[in-house]
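First up is the structure itself, then whatever we jot down about it.
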Amino acid sequence: MTQSAAGLPEYAKRLELLSALKAYFEARALSISKALELRAQLSVEGLQQLRHGYSQYFVSLLSAIDILKDAGEKFEEKLISRLTSSSLSDGKQTLDYLRELRNAIVHRNLDISARADFLESIPILHLPTVSDRKGVKQLAPPRQYVLQLVSICEATIGPAVNEHLVETDMFRPVEEPNPIRFARLEDFLRSDPTIPAFVGQNIKKMAEHLDFAKADQDFFDSVRYQLRPLELSLPLSVQALL
């Protein structure tokens with residue numbers, strides 16, 4: 001069934017949500033890949049990169065979870081079930097720990113790289129015990145090492161988000177012919193005074209021969225690609241810890 005004009009604001013909101021999720025999952029991938037490149041002996045700059053990489057990994061993942069929560073999307077039950085299965089422990093406790101770890105990093109300046117072992121020159125960070133926001137309850141880590149928790153997150157969070165988006169029809173394109181989509185684009189460009197005229201002209205020129213339906217599908221595919229579990233390139237001795 002063709003979507004009405006009234007359905008377009010809803011579509012725009014979906015695109016905004018998917019764009020944010022894509023950005024957060026891209027950030028998590030970049031952060032962990034940079035952190036895993038670091039080897040001993042670490043310089044002062046290397047130590048800063050180590051801390052930043054692992055910190056940003058968890059901050060990005062929890063931001064993605066929270067943006068779904070803020071949008072009213074209810075998928076935490078599915079995520080908790082996956083966390084329980086992957087971590088062989090209470091999934092809710094694991095999710096609570098992840099949230100408070102993120103809060104400690106962002107709000108209490110927790111240094112996630114403060115304690116580490118080294119295996120084949122790779123820093124193997126220890127997970128800290130964290131407190132809740134009131135500083136009353138102590139949350140023990142579900143595993144000993146940060147990489148073990150990263151492995152659990154990779155096996156669960158992206159796939160849970162992707163499954164939820166599919167089930168809630170978030171990858172549904174606008175079913176309108178190209179001329180109507182192009183006319184709506186022109187209306188949007190005229191209605192926004194902050195877009196310089198030359199930018200608007202360039203956008204229209206690029207969109208004249210654009211297959212909007214294919215562009216939608218390409219974007220959806222790019223989101224789902226970012227949600228895939230990352231393959232952590234690690235020596236066998238380190239993989240044995242995971």
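The values are calculated or read from the model by the stated rules, or taken from the named source; none is laboratory data. Remember, it's a predicted structure, so these values are computed and weren't measured experimentally. All Cβ positions, glycine included, derive from the backbone under ideal geometry; neighbour counts span all protein chains shown.
Within region 201-215, restricting attention to residues that are more than 30 Å from the chain's Cα centre (by Cα) and at pLDDT 90 or above, which residue is nearest to Pro173 (Cα to Cα)?
Lys204
So which residues in region 188-206 are under 19 Å from Lys13 (Cα atoms) and loosely packed, with under 11 Cβ neighbours inside 10 Å? Give the steps one after another, and end with the answer.
Residues of region 188-206 under 19 Å from Lys13 (Cα atoms): 188-189, 191-192.
Ser191, Asp192 - these are the residues of region 188-206 that are under 19 Å from Lys13 (Cα atoms) and loosely packed, with under 11 Cβ neighbours inside 10 Å.
Suppose we filter region 21-62 for residues that are among the small types (Gly, Ala, Ser) and under 19 Å from Glu231 (Cβ atoms); how many remain?
Residues that pass the stated criteria total 7.
For Leu50, work out the one condition from (1) modelled with pLDDT of 95 or more; (2) more than 19 Å from Ile105 (Cα to Cα) it doesn't fulfil.
Condition (2) is where Leu50 drops out.
Here's the yes/no breakdown for (1) free of Cβ contacts under 8 Å to residues at least 24 places away in the same chain; (2) in contact with a Leu (Cβ under 8 Å, 6 or more places away or on another chain):
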residue	(1), (2)
Glu163	no, no
Glu167	yes, no
Glu186	yes, no
Pro196	yes, no
Lys204	yes, yes
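Against the conditions (1) in a loop (DSSP other than H, G, I, E, B); (2) surrounded by 10 or more Cβ atoms within 10 Å (Cβ to Cβ), where does His209 fall short? Just the number, please.
If we test His209 against (1) in a loop (DSSP other than H, G, I, E, B); (2) surrounded by 10 or more Cβ atoms within 10 Å (Cβ to Cβ), just (2) comes out false.
Do we find a residue being hydroxyl-bearing (Ser, Thr, Tyr) and assigned to a loop (DSSP other than H, G, I, E, B) anywhere in region 172-191?
Checked against the condition, which is being hydroxyl-bearing (Ser, Thr, Tyr) and assigned to a loop (DSSP other than H, G, I, E, B), region 172-191 yields no hits at all.
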